[in-house]
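J.: Quick one: structure below, then a few questions.
The values are calculated or read from the model by the stated rules, or taken from the named source; none is laboratory data. Note that this is a predicted model, so its numbers are computed, not measured. Positions of Cβ are generated from backbone atoms using ideal geometry, with glycine treated the same way; all protein chains shown enter the neighbour counts. For accessibility, only protein heavy atoms count, side chains too; no ligands or nucleic acids. Shrake-Rupley method; radii C 1.70, N 1.55, O 1.52, S 1.80 Å.
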Amino acid sequence: ILLLFLILLCKVQFAQDNIDGTANNQDPVKIQRIESTVILDGLSNEAAWEDIEAFPLTMHKPVYGNKPTEKSRVLVGYTDNYLYAAARFYDDDSHKIQSPYRKRDQQGLACNWFWLGLDTFNDNENALLFFTSPSGHRLDVAISNDAVGSSCWDSNWNTFWGVETKVNDKGW
């Protein structure tokens, strides 16, 4: 099973049962409440994930806007204390999965990435980004000023969060 768990280990408070968000004029995606225990082990085989609807995905590279060429599944849910993301990225040739970085906050294009961006002020200008790779490498970034200017990308910003990944012959 090819799964990735990204858990943001910070206090997350919600005023409603669901969070609404829009991007690129798409319909809002409702993040669902997780009602049972999730174990941070790189697998999403708990009952908590059974009723979580997968996010619609769009390819970024090599052709932006297309449907992914490989089967992929991304799930996001929350509890009173945490925001969870689980993903499965299948690959017909798992030997091509790239994950060379090992030091926190190392970044580059020679890597497969899964990332989650949060517009925590709901202002479309500031965001917190959480990246991970097949090796479980972590990169967290604070974005400001609508990502314009030389100091808008702050990779020195760090917070407490955890990730576990699993890689096998079907992907990660």
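J.: Could you pull the accessible area for K61 with a 1.4 Å probe, rounded to 10 Å²?
T.: Answer for K61: close to 140 Å² accessible.
J.: Follow-up. With all protein chains present, calculate the accessible area of S135 using a 1.4 Å probe and round the result to the nearest 10 Å².
T.: 50 Å²
J.: Would you rank E70, E46, E53, E164 by solvent-accessible area, highest first, keeping every protein chain in place and using a 1.4 Å probe? Intermediate results must be reported in sequence, preceding the final value.
T.: Values: E70 55, E46 25, E53 140, E164 80 Å².
Highest to lowest solvent-accessible surface, that is E53, E164, E70, E46.
J.: Also, I was wondering about something else. Could you work out what % of the accessible surface of region 23-172 is carbon and sulfur, using a 1.4 angstrom probe and leaving DNA, RNA and ligands out of the count? Spell out each step's value before the answer.
T.: Values: 4490 of 9420 Å².
The C+S portion of the solvent-accessible surface of region 23-172 is 48 percent.
J.: Give me the dipole magnitude in Debye, nearest 20, for region 43-133 about the Cα centre, with unit charges on the beta carbon: positive for Lys and Arg, negative for Asp and Glu. Walk me through the intermediate numbers first.
T.: Values: 9 positive and 13 negative charges, 109 e Å.
Computed charge dipole of region 43-133: roughly 520 debye.
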